[in-house]
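These notes are about the structure you will find just below.
FYI, it's all coordinate maths here, none of it is from the lab. These numbers were taken from a predicted model, which means no experiment stands behind them. We place every Cβ from the backbone using ideal geometry, glycine too, and count neighbours over all the protein chains shown.
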């Protein structure tokens with residue numbers, strides 16, 4: 001699944017809402033020269049993602065206002081979209097492919113809630 005790099009997204013004319021969002025993330029990466037400033041290093045990016053997931057978890061578990069939870073969700077989404085830029089992955093195509101697979105799965109009840117996975121306990 002080959003995607004576009006930052007310059008290609010910046011130059012691209014978006015055809016739908018997803019492409020508009022991807023272009024916005026690419027413009028953010030371009031503005032701050034992420035590629036030239038080690039901002040596309042996936043080890044670094046994964047550390048940022050863990051940090052942002054922690055902030056989302058804290059917002060949810062501390063009962064913060066829904067607007068703060070939404071802001072933290074947006075941070076995670078923007079980071080994931082940025083990961084696809086850094087790795088030049090077509091995230092929409094990956095989503096569609098994965099969605100087709102998960103829609104074929106059955107749900108399991110785990111100790112903490114429902115799971116939809118290929119894993120089957122022994």
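Overview of values
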read-out	value
The chain: most fluctuating residue of 12, 29, 40 per GNM, C-alpha cutoff 10 Å	12
Relative packing of 49-55, 3-9, which averages over residues the other C-beta atoms within 10 Å, highest first	3-9, 49-55
Rounded to 10°, Cα long-axis angle of helix 42-61 versus longest principal axis of the chain	50
Pairwise FRET efficiency - residue 80 versus residue 118, Cβ, R0 = 22 Å, nearest 0.05	0.50
Angle between the chain longest axis and helix 91-102 axis [Cα atoms, degrees, rounded to 10]	20
Estimated [θ] at 222 nm from DSSP helical runs (n ≥ 4, -39500 (n - 2.57)) normalised by residues in the chain, nearest 500	-20000 deg cm²/dmol
Mean-position separation - Cα centroids, region 22-74 and region 75-112, in angstrom	16
Relative contact order (%) - the chain, alpha-carbon pairs under 8 angstrom, separation at least six	30
FRET E, pair residue 61, residue 111, Förster distance 25 Å, beta-carbon r, rounded to 0.05	0.85
Gaussian network model of the chain, Cα within-10 Å springs - most flexible of 23, 37, 104	104
Kirkwood Rh and Cα Rg combined as Rg over Rh, evaluated for the chain	1.03
Ranked packing of 68-77, 113-122, 89-98, most packed first, by mean Cβ within 10 Å	68-77, 89-98, 113-122
